[in-house]
1. With a ≥ b ≥ c the root eigenvalues of the C-alpha gyration tensor of region 239-292, is it rounded (a/c under 1.5), prolate (a/b larger than b/c) or oblate?
2. How would you rank 22-32, 233-243, 267-277, highest first, on the average number of other Cβ atoms within 10 Å across their residues?
3. If I model a spin label as a point 7 Å beyond the Cα along the Cα-Cβ vector, how far apart are those points for residue 257 and residue 25 in nm?
4. Among 81-93, 211-223, what's the highest-first ranking by average C-beta atoms within 10 angstrom per residue?
5. Jot down the per residue volume, in cubic angstrom and as a whole number, of the convex hull over the alpha-carbon atoms of region 1-136.
6. Only Cα pairs under 8 Å and at least 6 apart count here; give the relative contact order of region 99-163 as a rounded whole percent.
7. Return the Rg/Rh value of region 87-208, two decimal places, where both radii are evaluated on C-alpha atoms and Rh is the Kirkwood radius.
8. Could you check how many percent of all C-alpha pairs in region 141-290 are farther apart than 20 Å?
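Since every read-out is calculated from the coordinates, none of them should be taken as a lab result. Here the structure is a predicted model, which means the values were calculated and not measured. Positions of Cβ are backbone-derived with ideal geometry, glycine not excepted, and every protein chain shown enters the neighbour counts.
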């Protein structure tokens with residue numbers, strides 16, 4: 001039997017265990033991003049010349065010094081690299097990560113990990129989990145774009161424990177077939193993005209390529225643009241193909257017409273990598289005669305399972321989801337904020353428990369309140385948020401006067417829905 005150490009014989013270290021304790025005033029510290037305590041993540045372009053030619057190598061797109069961290073990272077939770085493998089050679093990777101995603105820009109060969117092996121070709125995606133060496137052999141000179149979530153584990157001070165999925169291949173033929181269906185669907189030209197998401201059967205709730213990562217395969221048709229949108233977290237975009245005349249406009253604000261104010265232009269070329277900073281509006285333009293494709297990767301699997309969104313578009317009807325209140329509330333824009341509370345969210349969003357959703361504006365359309373059948377007499381309280389005050393009104397088949405005396409919305413008790421006549425800057429609270 002083991003002898004227990006008596007508490008009385010232990011040397012107390014009261015001074016040592018309180019040495020790292022700190023205390024902060026709430027209003028000045030609750031938003032470390034707004035207070036500029038967290039390192040700013042700027043826009044960055046990675047040129048294809050980094051891996052166009054030369055010997056076999058992995059080119060880390062390491063921006064750890066800019067991020068203020070002591071481990072390799074392209075963004076707070078992701079590490080991106082360019083990979084070049086000369087025909088007949090191979091590379092291997094085995095990071096302390098849970099998820100890895102590769103896109104094959106050119107070449108073909110084989111992949112092996114933990115007893116699983118398969119072939120790859122140009123245009124394929126494949127996603128091996130962490131926890132085992134991935135050996136990539138090139139039969140023809142290959143170039144790949146590679147992203148893993150190693151920085152997330154480094155930040156957490158954690159090591160890989162177990163695989164949440166198995167190596168998965170997304171063949172180019174199937175990916176293009178699915179993207180073609182989306183491109184030819186009715187109303188595709190009006191969508192903010194014509195794209196497909198890569199999913200994995202192990203993660204039906206998030207519909208993401210891995211449990212921590214999100215991957216999209218999108219197209220910008222000739223003589224068109226991808227409308228302004230912004231990401232709620234770092235986006236690591238890759239441009240697999242495009243012709244001269246493809247570029248991105250980037251800026252921090254939109255004007256009344258939904259266009260980016262004082263944008264900076266970034267020319268794109270096939271094989272370029274881009275790092276989009278959170279909150280920066282950007283729009284992709286294709287003035288060439290051929291389609292251009294874009295592949296954004298984000299650490300959105302973690303965000304989605306926590307109830308946070310991945311991005312926000314100019315057209316709120318095509319946004320990927322509702323940003324949460326804590327993310328995009330700045331003091332100078334409080335009077336343009338709407339918050340929806342309720343067990344089910346408005347705008348026909350996915351039902352979620354104790355959901356708090358923030359939406360900058362409400363589009364002109366019928367907005368479903370998604371009230372439960374078990375609470376047909378739910379009350380609705382409306383708030384108009386300004387910097388100075390909060391006006392509360394009870395709705396019951398009445399119109400609520402909006403700005404300039406116009407009727408902006410009304411609640412119908414019989415159908416339990418809101419009718420919006422124009423963009424509406426109000427808060428609605430659904431009370432059981």
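1. Numbers: a/c = 2.87, a/b = 1.64, b/c = 1.75.
Oblate, because a/c is 1.5 or more while a/b does not exceed b/c.
2. Values: 22-32: 8.8, 233-243: 22.5, 267-277: 20.4.
Order by mean packing, descending: 233-243, 267-277, 22-32.
3. If labels sit at residue 257 and residue 25, their model points lie 4.4 nm apart.
4. Values: 81-93: 18.6, 211-223: 21.4.
The peptides rank, most packed first, as 211-223, 81-93.
5. Numbers: hull volume 31.3 nm³, N = 136.
That works out to 230 Å³ per residue.
6. Values: 121 pairs, mean separation 26.8, N = 65.
RCO, region 99-163: 41 percent.
7. Values: Rg = 16.1 Å, Rh = 15.9 Å.
Ratio of gyration radius to Kirkwood radius for region 87-208: 1.02.
8. Working: 6502 of 11175 pairs.
Value for region 141-290 (Cα pairs over 20 Å): 58 percent.
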